[in-house]
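The values are calculated or read from the model by the stated rules, or taken from the named source; none is laboratory data. Just so you know, these numbers come straight off a predicted model, no measurement behind them. Note that each Cβ is placed from the backbone with ideal geometry, even for glycine, and that neighbours are counted across all protein chains shown. Side chains included, ligands, DNA and RNA excluded: accessible areas come from the protein's heavy atoms. Shrake-Rupley method; radii C 1.70, N 1.55, O 1.52, S 1.80 Å.
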Amino acid sequence: MSKLTKESFGASIRKLRGKLTLREAGKKTGYNFTWLSKVENGREIPSWDALKRILSEYEKKGMQPPDMREFALHHLMLTKPEQFCIALSSILR
């Protein structure tokens with residue numbers, strides 16, 4: 001992930017989905033395919049638990065395992081930017 005935007009976050013999830021259709025991904029993850037589409041297009045940000053579930057299901061299907069640290073930092077930056085800044089400043093001290 002290069003830019004920290006909702007769109008790049010969603011695009012990263014889309015890339016991990018591979019050749020699964022959104023409907024197939026919805027069946028595997030238990031989430032509605034229209035909601036997954038919104039996530040992949042940067043219109044929705046999943047909760048941390050939902051993100052872990054999606055990535056776990058994609059990994060089970062042989063998709064490239066994601067670097068969870070990178071996804072965790074990106075998710076934190078998008079959902080709780082204040083906490084992200086505090087964490088980053090403590091690391092850089």
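Summary table
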{"item": "Candidate set from the stretch 49-65 (those that are touching a helix residue (DSSP H, G or I) at 6+ places or on another chain (Cβ under 7 Å) and either open to solvent by 60 Å² or more (accessible area, probe 1.4 Å) or of a type in the set (S, T, N, Q) (or both)); member that is modelled with the highest pLDDT", "result": "53"}
{"item": "Among (1) under 21 Å from residue 60 (Cβ atoms); (2) surrounded by fewer than 17 Cβ atoms within 10 Å (Cβ to Cβ) - the single one residue 40 does not satisfy", "result": "(2)"}
{"item": "Tabulated pairs, the stretch 22-37, first among the charged types (D, E, K, R), second open to solvent by 40 Å² or more (accessible area, probe 1.4 Å) and modelled with pLDDT of 95 or more, C-beta under 6 angstrom, 6+ apart or interchain", "result": "23/33"}
{"item": "Pairs, first part of a helix (DSSP H, G or I) in the stretch 78-91, second among the β-branched types (Val, Ile, Thr) and modelled with pLDDT of 75 or more, C-beta under 9 Å, six or more apart", "result": "78/5; 78/45; 79/45"}
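This table checks each residue for (1) of a type outside the set (D, E, K, R); (2) open to solvent by 70 Å² or more (accessible area, probe 1.4 Å); (3) at pLDDT 95 or above; (4) more than 19 Å from residue 80 (Cα to Cα).
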{"position": "3", "(1), (2), (3), (4)": "no, yes, no, no"}
{"position": "6", "(1), (2), (3), (4)": "no, yes, no, no"}
{"position": "11", "(1), (2), (3), (4)": "yes, no, no, yes"}
{"position": "14", "(1), (2), (3), (4)": "no, yes, no, yes"}
{"position": "17", "(1), (2), (3), (4)": "no, no, no, yes"}
{"position": "20", "(1), (2), (3), (4)": "yes, no, no, yes"}
{"position": "31", "(1), (2), (3), (4)": "yes, no, yes, yes"}
{"position": "47", "(1), (2), (3), (4)": "yes, no, no, no"}
